Amino acid sequence: MRVKVVGGLNFENIPSYTLNVQVSDGLLSNSANITINVTDANDGPTQAVLSNNVVDENVPLGTIIGSFTTTDEDVNDTHTYELQNSFDFDINGVIRSPVVVVGNNLVTDVEIDFEQFSSFKVRILLYN
Ligand SMILES: [Ca+2]
Ligand SMILES: [Ca+2]
Ligand SMILES: [Ca+2]
């Protein structure tokens, strides 16, 4: 007997299946329940959200702008955030990012001057 998977298995939706198998030799028959367990694999994180994306200018360096949270089917997973790139800004003659990632937080790394730049984009690398 062969059991073939025809659809996508997802541990978080259905962790096991019970198959009722019937056998017959033409005269006599019997049946048995067979349980197939799906093991939990690491699902990739799907969406990261920043709790806040507005910050006052001139706040002290190291001010938390917002915190990241991530959607992941694996309830016990923890996630790591890394600043991949930020639109580089000329800050007192040095091209650099105005923010850094510290743990789950996006944090100012300069005193942001609204008249110098009023918005910027960052790209965050997220993994678990
Ligand atoms: Ca899954
Ligand atoms: Ca999983
Ligand atoms: Ca995961």
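Quick notes
- In the set 41, 48, 32, only one residue is within 30 Å of residue 105 (Cβ to Cβ) and either away from ligand 2 (no atom under 16 Å from the Cβ) or basic (Lys, Arg) (or both); that residue is 48.
- Cross-chain or 6+ apart pairs with Cβ under 6 Å, the range 4-15 first and within 16 Å of residue 42 (Cβ to Cβ), then of a type in the set (A, V, I, L, M) and within 16 Å of ligand 3 (Cβ to nearest atom): 9/38; 11/38; 15/38
- Which listed residue, of 46, 39, is of a type in the set (Val, Ile, Thr), closer than 30 Å to residue 15 by Cβ and either in contact with a helix residue (DSSP H, G or I) (Cβ under 6 Å, 6 or more places away or on another chain) or modelled with pLDDT under 90 (or both): 46
Residue-wise test of (1) within 16 Å of ligand 3 (Cβ to nearest atom); (2) of a type outside the set (Val, Ile, Thr).
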{"position": "11", "(1), (2)": "yes, yes"}
{"position": "16", "(1), (2)": "no, yes"}
{"position": "26", "(1), (2)": "no, yes"}
{"position": "36", "(1), (2)": "no, no"}
{"position": "55", "(1), (2)": "no, no"}
{"position": "60", "(1), (2)": "no, yes"}
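- Single condition residue 45 does not satisfy, out of (1) outside any loop (DSSP other than H, G, I, E, B); (2) within 20 Å of the chain's Cα centre (by Cα): (1)
- Residues within the range 56-78 that are more than 11 Å from residue 106 (Cα to Cα) and more than 16 Å from ligand 1 (Cβ to nearest atom), tallied: 8
- Wholly within the range 53-128, strands (runs of 3 or more DSSP E) carrying at least 3 residues that are touching a strand residue (DSSP E or B) at 6+ places or on another chain (Cβ under 9 Å): 64-71, 80-86, 99-102, 105-108, 122-127
- Members of the range 1-41 that are hydroxyl-bearing (Ser, Thr, Tyr), under 30 Å from residue 76 (Cβ atoms) and not in a loop (DSSP other than H, G, I, E, B): 16, 17, 18, 35
- Residue in the range 91-101 that is polar (S, T, N, Q), more than 16 Å from residue 62 (Cβ to Cβ) and in contact with a Pro (Cβ under 9 Å, 6 or more places away or on another chain) present: no
- Top-ranked residue in the range 21-69 [being small (Gly, Ala, Ser) and closer than 14 Å to residue 126 by Cβ; ranked as surrounded by the most Cβ atoms within 10 Å (Cβ to Cβ)]: 48
- Scanning the range 70-108 for residues that are farther than 25 Å from residue 128 by Cα and surrounded by 13 or more Cβ atoms within 10 Å (Cβ to Cβ) gives 89, 91, 96, 98.
The values are calculated or read from the model by the stated rules, or taken from the named source; none is laboratory data. Everything numeric here is computed off the predicted structure, so don't read it as measured data. Reconstructed Cβ throughout: ideal geometry from the backbone, glycine too, with neighbour counts over all protein chains shown.
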